[in-house]
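Taking it in order: structure first as structure tokens, then the write-up.
The values are calculated or read from the model by the stated rules, or taken from the named source; none is laboratory data. Here the structure is a predicted model, which means the values were calculated and not measured. Glycine gets a Cβ as well: all are built from the backbone with ideal geometry, and neighbour counts include every protein chain shown. For the accessible areas, the whole protein counts, side chains as well, though only heavy atoms, and no ligand, DNA or RNA atoms are used. Shrake-Rupley method; radii C 1.70, N 1.55, O 1.52, S 1.80 Å.
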Amino acid sequence: MQYFVVMIDYGRRGREAIVDPEMTRRDVVSRIASGEYTNISFIHEIAERSVEDVTDDLLAEAALPKLPLTGANLRANTLDHARDLRKHEPV
């Protein structure tokens, strides 16, 4: 039997442990990536008689890759920056 325990911290309102034996690693990662799970204190993977802290691994898997800006985006950013400078320059 393998399952995950996701501990969510709500600050003053306390904590909540989400435990679903049918939830797979992929399910946990997709819920983190979608924003369903936020303010995660820790994620433990329980398999047989062992417990492993997999928080960093799953958060890294859920992170969206940083894509470099394309030429069109660079040009748009430059134009937006120039417009902002004109808008805020003293009269």
Legend entry - Tally of residues being at pLDDT 95 or above, touching an Asp or Glu at 6+ places or on another chain (Cβ under 6 Å) and loosely packed, with under 12 Cβ neighbours inside 10 Å across the stretch 20-53: 1
Legend entry - Of residues in the stretch 58-89 being surrounded by 10 or more Cβ atoms within 10 Å (Cβ to Cβ) and of a type in the set (S, T, N, Q), the one modelled with the lowest pLDDT: Asn73
Legend entry - Matching residues in the stretch 3-50 - criterion: being within 14 Å of Ala62 (Cβ to Cβ) and in contact with a Lys or Arg (Cβ under 6 Å, 6 or more places away or on another chain): Tyr37
Legend entry - Near pairs, Cβ below 6 angstrom, 6+ apart or cross-chain, from the stretch 40-52 (over 18 Å from Arg15 (Cβ atoms) and among the charged types (D, E, K, R)) to any residue that is part of a strand (DSSP E or B) and open to solvent by less than 70 Å² (accessible area, probe 1.4 Å): Glu45/Phe4; Glu52/Glu45
Legend entry - the stretch 3-19, residues that are open to solvent by less than 60 Å² (accessible area, probe 1.4 Å) and at negative phi: Phe4, Val5, Val6, Met7, Ile8, Asp9, Ala17, Ile18
